[in-house]
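*Asks:* Quick one: this structure, given as structure tokens, is what I'll be asking you about.
The values are calculated or read from the model by the stated rules, or taken from the named source; none is laboratory data. In this text, all values refer to a predicted model and were calculated from it rather than measured experimentally. Cβ: placed from backbone, ideal geometry, glycine included. Neighbour counts: every protein chain shown.
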Amino acid sequence: MTSSSSSLAGSRARVTRPRASRTLKRVLLALCFLAPLLAFYGVYYVYSFVLLGQTSQQRVSLSFLNPVFVGLDNFRLILTDEAFIRSLVNNLLFAAVSIAASLTLGFFVAMMLATGTRFNRAMYVVFLLPSLIPLSLFASVFGRMLQTQDGAVNVVLRSIGLGAFQQDWLGSDPTAYAAVFVLLVYLIGLPIMYYRSDVSNVNVSVLEAALLDGASTFQTFRLVLFPLLRTTHITVVLSVLLGSFRAFDLIFFSTGGAPSGRTGITGTYIYQATLGADRVGYAAAASIIVLVIALIVSLVQIVITRRSLR
């Protein structure tokens, strides 16, 4: 018995070793192919981060000539700047609006598309088309529609006899924020695609059981499908939150931060700071703060995603 068991263990070891050797060879081969690309990106990112870190401690212009070392003064100024705090709050506010729209309207639109509703083609065009065209172009058209004199919104109001309701839509905080909210609600094509793809993995028997128990379509969506897509909800929330820090083109080409920069976000704030005299170091410090926040969100997304897959 002892000799047979030892021979069996030896054969298993011999089988395991070739497999491990083959796996190691495949990994090394893959690294050989990826080495040039990894080296390029490694040097690119390392150089960028080092330059950003050095510049954030300087007072320097876009020419990068004659920099003056200021230490952490740029960071102190940024963290006490009300405009930066407002832009950061706007990031979170706009992300909250997008998340709320994605978890409600986006979810139900995706479910209607999945069930083959009568107007599914029209819904695809209305909600998914903005995700397929450049966001800067879409935001520019939207901002043009809100112009006071010849914007489409005011022109339509005048043409139907409601000229009394026309106004400078981007001239006051309530209407400017409302315009951004409408734009964000409309741009939920990506969360819709997330839900549309993940709902196909739901066990159909669960839905059939709910329908047999007398649940309506709305109740099936809300009480059965919504809890089952918990992982998708997490993906949508974190991706939208992270995407809010990359929404520079959305705000810049639609409202331009109007009125007086109060609808601006961190991206537009950094852009405006870069244009000032000897303010490149200040903008670099702001970029580092935003980068750290985005990195924390990314790490949270990775941790939550791994836990949800266990």
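*Asks:* List the pairs whose first member sits in the stretch 156-173 and is of a type in the set (Gly, Ala, Ser), whose second member is surrounded by 14 or more Cβ atoms within 10 Å (Cβ to Cβ) and not in a helix (DSSP H, G or I), and whose Cβ atoms are under 7 Å apart, counting only residues at least 6 apart or on separate chains?
*Replies:* Between residues of the stretch 156-173 that are of a type in the set (Gly, Ala, Ser) and residues that are surrounded by 14 or more Cβ atoms within 10 Å (Cβ to Cβ) and not in a helix (DSSP H, G or I), the close pairs are GLY171/PRO259; SER172/PRO259.
*Asks:* A follow-up question, please. May I ask you to list the residues in the stretch 174-188 that are of a type in the set (Gly, Ala, Ser) and either surrounded by fewer than 19 Cβ atoms within 10 Å (Cβ to Cβ) or free of Cβ contacts under 8 Å to residues at least 24 places away in the same chain (or both)?
*Replies:* Within the stretch 174-188, ALA178 is the sole residue that qualifies.
*Asks:* Does PHE75 satisfy the condition of being touching a residue at least 40 places away in the same chain (Cβ under 8 Å), at negative phi, of a type in the set (A, V, I, L, M, F, W, C) and outside the structural domain of LEU207 (by TED's automatic domain parsing)?
*Replies:* yes
*Asks:* Could you check, for the stretch 97-113, whether at least one of its residues is over 28 Å from the mean Cα position of the chain (by Cα) and either part of a helix (DSSP H, G or I) or polar (S, T, N, Q) (or both)?
*Replies:* No, because not a single residue in the stretch 97-113 is over 28 Å from the mean Cα position of the chain (by Cα) and either part of a helix (DSSP H, G or I) or polar (S, T, N, Q) (or both).
*Asks:* Next question. Helices (runs of 4 or more DSSP H) wholly in the stretch 198-310 with at least 3 residues that are crowded, with 18+ Cβ neighbours inside 10 Å - which ones?
*Replies:* In the stretch 198-310, 230-243, 248-254, 266-274, 280-309 are the helices (runs of 4 or more DSSP H) which contain 3 or more residues that are crowded, with 18+ Cβ neighbours inside 10 Å.
*Asks:* OK, next. Looking for whichever is out of contact with any Cys (no Cβ under 8 Å at 6 or more places or on another chain) and either closer than 22 Å to LEU92 by Cα or not assigned by TED's automatic domain parsing to the domain that holds GLY264 (or both) here; the options are GLY214, GLY189. Which one fits?
*Replies:* When all the criteria are applied, what remains is GLY189.
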